[in-house]
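Since the structure comes first, as structure tokens, the remarks are kept for the end.
No value in this document is a laboratory result; all are computed from the given coordinates. What you see is a predicted model; the values in this text were computed from it and never measured. Reconstructed Cβ throughout: ideal geometry from the backbone, glycine too, with neighbour counts over all protein chains shown.
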Amino acid sequence: MTEGLTRAQRTLYSALGLIGFLLFWELSLRSGLLPGSLVPLPSTIPSVLWLELLDGIWFEVVRSSLSHYSVGVLLGSILGITVGMSAALLPRFNAAHAWLARLLRPIPPLAWIPFAIIWFGINPSAAAFIISIGVFWINYFASYSAVHSVGPGYEEVARAFGQQRFLARLTKVSLPAAAPGILGGLRAGLGQGWMTVVAAELFGIPGIGQRMMEASSLLATDIVVVYMLTIAALYATFDFLFMLVQRRLLRWQS
Amino acid sequence: MTASGMTSPPVLSARNVSLGFAGTSILAGVDLTLHPQEFVAIVGASGVGKSTLLRALAGLLAPRSGRVEIPAANTPDTRAWSMVFQAPRLFPWRRVRSNVELGLEGLTLTRAERRRRALEPLALVGLDELAERWPRTLSGGQQQRVGIARALAVRPRVLFMDEPFSALDAITRRRLQQELVDLRRRTEAAIVFVTHDIEEAVLLADRVMVLGGQAPDRPAGVVQTFEVPLPLDERRDHPGFAPLVQQVEASIGNH
Ligand SMILES: Nc1ncnc2c1ncn2[C@@H]1O[C@H](COP(=O)(O)OP(=O)(O)OP(=O)(O)O)[C@@H](O)[C@H]1O
Ligand SMILES: [Mg+2]
């Protein structure tokens, strides 16, 4: 449906939509249509952000969220890709783990919170653990199906040209052929990680989620919104940077 | 020139080979002995099992019964055999040159030597200018020529070619046919060449093997093998050429 618009027009309409939404929000509050206790005035957000920055609170909570986010995402991605690819490449391993995977897969990451606390205590490792679980499954399925669907044709070419050893096939066929799917899984995992970050912090691990809980108990909705936007911005930044990497790695595609 | 070849030991021998897939038998009783510098063409109707036979001769597919042997081994800088597949099957994630280098990896060649060894056959098929392109930016015929270069790069003792020129225009095809004739003179390579173009088979080969005789209940086999006793040069204009083409055609038509 967007074919009829030029790029500039699309940008214009997108900006108009966003500005219209903010204006409507601001005016509804100022005219008393919405009670000010439920949502903050959009125009106050920049100054609240500024205060959080001046206090150093913003940097502190973002730093700690980022630290268990990166550990969780890294761990979940590496394990997910390793197990997913192994399952697709090694029939015995695939069969051996199939039921276990089917049993564990439906358990939502947050259901692991009790064990996370028992195993790690209320500390960043627990949050990293929870985050890694969701990321693990996304990467596991993405890399499993990506490797699984590599046709036998490339494999035969590899064999015909003397690349029949497991490691050669892995690095010269399976990995590059499955790269689009694996990278897609990684990217989805980066997003999934942010979703669990906040939830994992709600039970007292320092970070963005904890700061939001604090603010909401004081009815400081403006601070809550500042951190909602912070998460959106962090997610967008990570996603954008990853997209650049992805595009570079897959430049052989159209 | 094949006379010298006849005296040396075979580079490929297949005895009583039978092939099939899950329950169905498609080819039975195929014998083939190939000496250095020999050129055998395999012709037959679509679906008769030419590609399958080629894969079995190369050892990519285990025969149901019978034996296939390629006694030659890889040397530090050549491979015993290589194949031009019916579809180019280039790795889309590798640039053209890197695709041609595939078979050179694992041989004892430096990067620079690999590069040179890849550019050589690329120039032969007229694509050295496109060496740094991605395969998706090439036409079907260009991709097929990269597939040919990839197979030539390893300087095989036995070269399997599955309809290598089918996607090419007449002029390019003529040129590459001539290149194959020259290749036979220059090197020791023996060639097994699948084609459905009977003129091409008679033009290039020492022997033309006709596959056929497939019936719903019976696997196909070699219906006839023709020797081509014509000189390689100007073969197309030789008075014996057209009659032989007709004979082969008739042989396929009867089965
Ligand atoms: N992987 C496979 N599984 C099952 N049957 C197959 C497979 N590959 C080929 N066949 C069957 O084997 C027969 C021979 O196929 P093959 O590709 O060897 O034919 P061909 O002579 O090369 O044909 P064409 O000239 O069209 O390339 C066909 O009937 C085909 O359906
Ligand atoms: Mg075929």
Quiz item: In whole Å, what are the Cα extents of segment A:1-73 along the three principal axes, biggest one first?
Solution: 44, 38, 21
Practice problem: Give me the number: length gained by fully extending residue A:218 to residue A:167, i.e. 0.36 nm times residue separation minus the C-alpha to C-alpha distance, one decimal in nm. | Solution: 12.6 nm
Quiz item: If the viscosity is 1.306 mPa s and the temperature 10 °C, what translational diffusion coefficient in µm²/s does Stokes-Einstein give for chain B when Rh comes from Kirkwood over Cα pairs?
Solution: 85 µm²/s
Quiz item: Out of B:190, B:112, B:58, any idea which swings most in a Gaussian network model of chain B, alpha carbons joined below 10 Å?
Solution: B:112
Quiz item: Ratio of Rg to Rh for segment B:82-184, alpha carbon only, Kirkwood?
Solution: 0.93
Practice problem: Would you mind calculating the relative contact order of chain A from Cα pairs under 8 angstrom and at least 6 residues apart, reporting the percent as a whole number? | Solution: 24 percent
Quiz item: Going by alpha carbons, how many degrees (0 to 90, nearest 10) lie between the helix axis of B:111-124 and the longest principal axis of chain B?
Solution: 50 degrees
Exercise. Using only C-alpha positions, report the orientation-averaged shadow area of the convex hull of segment A:92-136, nm², one decimal.
Key: 3.5 nm²
Quiz item: Among A:73, A:215, A:38, whose Cα sits farthest toward the positive end of the charge dipole of the protein assembly as shown (+1 at Cβ of Lys/Arg, -1 at Cβ of Asp/Glu, about the Cα centre)?
Solution: A:73
Exercise. Could you let me know the centre-to-centre spacing of segment B:160-214 and segment A:165-218, using Cα atoms, in angstrom?
Key: 54 Å
Self-check item: Test item: Cα-centred dipole of chain A, Lys/Arg +1 and Asp/Glu -1 on Cβ, debye
Solution: 1140 debye
Exercise. Please sort by residue number the trypsin sites (Lys or Arg not before Pro) in segment A:174-254 whose DSSP state is loop and whose Cβ has at most 15 other Cβ atoms within 10 Å.
Key: A:251
Quiz item: Whose amide H sits under 5 Å from the amide H of residue B:194, counting only residues 5 or more places off or on another chain, with H placed in the peptide plane?
Solution: B:42, B:161, B:162, B:163
Quiz item: For peptide A:149-161, how many partner chain Cβ atoms fall within 10 Å of a residue's Cβ, on average?
Solution: 5
Quiz item: Are there GluC sites (Glu not before Pro) in segment B:119-180 that DSSP puts in a loop and that have at most 14 other Cβ atoms within 10 Å, and which ones?
Solution: B:132
Quiz item: Looking only at other chains, what is the average number of their beta-carbon atoms within 10 angstrom of each beta-carbon in B:92-99?
Solution: 3
Quiz item: Mean separation of Cα pairs under 8 Å and 6+ residues apart, divided by the residue count of chain B: what relative contact order is that in percent?
Solution: 24 percent
Self-check item: Kirkwood-based Rg to Rh ratio, the protein assembly as shown, C-alpha trace
Solution: 1.16
Self-check item: Long-range amide H partners of residue B:81 with built H, under 5 Å
Solution: B:157, B:158
Exercise. Apply 1/(1 + (r/R0)^6) to the Cβ-Cβ distance of residue B:139 and residue A:63, taking R0 = 56 Å, and write down the FRET efficiency to the nearest 0.05.
Key: 0.55
Exercise. Just tell me how shielded B:236-246 is by partners: mean number of partner chain Cβ atoms within 10 Å of each residue's Cβ, no decimals.
Key: 0
Quiz item: Helix B:241-253: angle to the longest alpha-carbon principal axis of chain B, degrees 0 to 90, nearest 10?
Solution: 70 degrees
Quiz item: Expressed as an acute angle from 0 to 90° and rounded to the nearest 10, what is the orientation of the C-alpha long axis of helix B:170-186 relative to the principal long axis of chain B?
Solution: 90 degrees
Quiz item: Counting every Cα pair in segment A:40-249, what percent are over 29 Å apart?
Solution: 37 percent
Quiz item: Order of B:150-156, B:31-37, A:107-113 by packing, highest average Cβ count within 10 Å first?
Solution: B:150-156, B:31-37, A:107-113
Quiz item: Which Cα, out of B:99, B:152, B:122, lies furthest along the positive dipole direction of segment B:89-156 (beta carbon charges, K/R +1, D/E -1)?
Solution: B:99
